[in-house]
Every structure is written in C-alpha cells, then in structure tokens.
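Single-structure report; data block below.
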Amino acid sequence: MKTAHRFHAAAVHALDMVMPRTCWLTGAPVSDSQSMVVPALRDELAELLQYRYCHRCGADRLPGVASCPFCPNRRLGTAEIVRAGPYAHPLKELISRFKFGRHWGLAPLLASQMADAWKRAASPSMDVLVPIPLHRRREFGRGFNQSRELARCLSRLIGVPTYDGLVRRKSTGHQSAATSVHQRRENLRGAFESKPVDWSNQEVWLVDDVCTTGSTVHAAVAAFTALPPKYQPARISAIVLAVTGVSVMGPQS
Ligand SMILES: [Zn+2]
C-alpha cells in the first residue's frame, strides 16, 4: 500500500512537471496539485464560512433579529443543518463546474469546505453520512451523483462512514424549474425510500450539494420517518455546500 502511495505521489509530481496545474476557475497557475484554486479564491471560500446562518433552516441570520424569519417557510424536518456557505462567488461557480461541467476532481476541495463548516459548527455528533440519491436515469445522464462524491470525500476528511441508505423512487425533473415551495414539495412527495435498515440509535446526516427551498431534504427526512418508529434514526440532520435564495447578507460579526 505504501509503495502504491509513493508511486501515485511520484506520478502526480511528474505530471505537475510536464503539465503545471492551473486554477479550476481562473486558469492561473497554482503552486502544487493540492491547490485547486488560487490563494485569493481560497481566501474567499474561507470568508464564506464566516457568514452566520440559522442552523434550523440554513438561511442567513439577520442582524438584530432574534428569531429567524425564514424558518416558517423552510421546514426541513431535520434537527439542524450545517452549510459551507451561501450560494455566492466563488462557491457558486465551483459547484456549477463540479455538477454541470462534470469536473469530478473538484469534490475534494468542496468537501474540505464542508468539513471546515462542520468543525465550525462545534463538530456535532455524526454516525453516518447519507448522500441524497439521484434517480437512476438522472445519474446515468450526469455520469455521477454529486452528493455521493461529496459524501465520500467528506467521509475521509472527518472519519465518519458514508452509506447509500436512500433510494430515489421518483424522477422529479429539474427542481430549479419549479415555481414554488408548494410545487416542489408536491413534486417530491414519496420521492425517496429508505433501504430496509435498522437506523435506531443512529445520528444520520444527509449530504447534498445545494439547498434551495429545503424540499429535497424534507422529502429525504420523510423517507426515514415513514419507517416503523423502532427503526427510525435517533436524529436526522443535513450538511450541504450552499444554501440559495435566502443568502444575501455579508459576513457578520
Ligand atoms: Zn431559519
């Protein structure tokens, strides 16, 4: 195993010599193969982690407002949500390249951003990461499930196992085309099903790339709560890369 690792490291070094690595967004040279973006973008990613947000719904925290005004319309059904940032530059562009540009190699960088968010959230207890599944036709078309790739990389970074515990029964089309929260929820009703697993005593964390209205997370939670009570997880939470739609604030002290 160590020999294989040394061979891999040597191969990467040789590749760097003949083909210098460049930033995934700007195209500028980066110092080594571990740096996927230029330092300025790394700093901007770190800044996104500073944004304060509501751990119940993922929306930005409004300064001076005691209770989150977004929670009533963003019921996720989870105990909490951890996010790596708002859907803003440069996270937004990186997600787009990762997901739609099929740049799978961005998964480690994006997962490290999630791991940092998890640590900032006081490293809440986790037993298993469960990626949100795609319908098999969608996954075939895209070539991969972005949430599974993120969960795999995150698993290695934080030492929590990942398990494909949910199945997508329903193809819901492009949710971004749906016009309302109500429509999204209706489209996703019964979309997921838990595998026949005893989840009792497990602290489950759903993994997804982007949370827009929270309808997908809500539907995934419903797959667990549809199980007989004795098989349901002790706690269900979610960790996502970005939250959209309710993230218009800057970093707050
Ligand atoms: Zn909230």
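For the peptides 232-244, 40-52, the ranking by packing is 232-244, 40-52, with the highest mean count of neighbouring Cβ atoms within 10 Å listed first. Maximal additional length on extending the Glu186-Asn201 stretch stands at 2.4 nm, based on 0.36 nm per residue less the C-alpha distance. Look at the alpha carbon pairs under 8 Å that are at least 6 residues apart: their mean separation over the length of the range 52-243 gives a relative contact order of 28 percent.
Entry comment: accessible area of the range 52-243 is 45 Å² per residue, from protein heavy atoms only and a probe of 1.4 Å.
Given 4 °C and 1.567 mPa s, compute D for the range 27-73 with the Stokes-Einstein relation, Rh being the Kirkwood radius over Cα pairs; round to the nearest whole µm²/s.
It comes out at roughly 98 µm²/s.
Taking all Cα-Cα distances within the range 109-148, those exceeding 12 Å account for 69%. Remark: spin-label model distance Asp43-Cys71 equals 3.7 nm, labels positioned 7 Å along the Cα→Cβ axis. What's log10 of I(q)/I(0) for the range 52-243 at q = 0.12, 0.14 Å⁻¹, Debye sum over Cα points only, no solvent? Values returned for q = 0.12, 0.14 Å⁻¹ are -0.54, -0.76.
The values are calculated or read from the model by the stated rules, or taken from the named source; none is laboratory data. None of the values given here were measured: they were computed from a predicted structure. Using ideal geometry, Cβ is built from the backbone for each residue, glycine included, and neighbour counts are taken over all protein chains shown. To get the accessible areas, we keep the full protein, side chains included, count just its heavy atoms, and leave off ligands, DNA and RNA. Shrake-Rupley method; radii C 1.70, N 1.55, O 1.52, S 1.80 Å.
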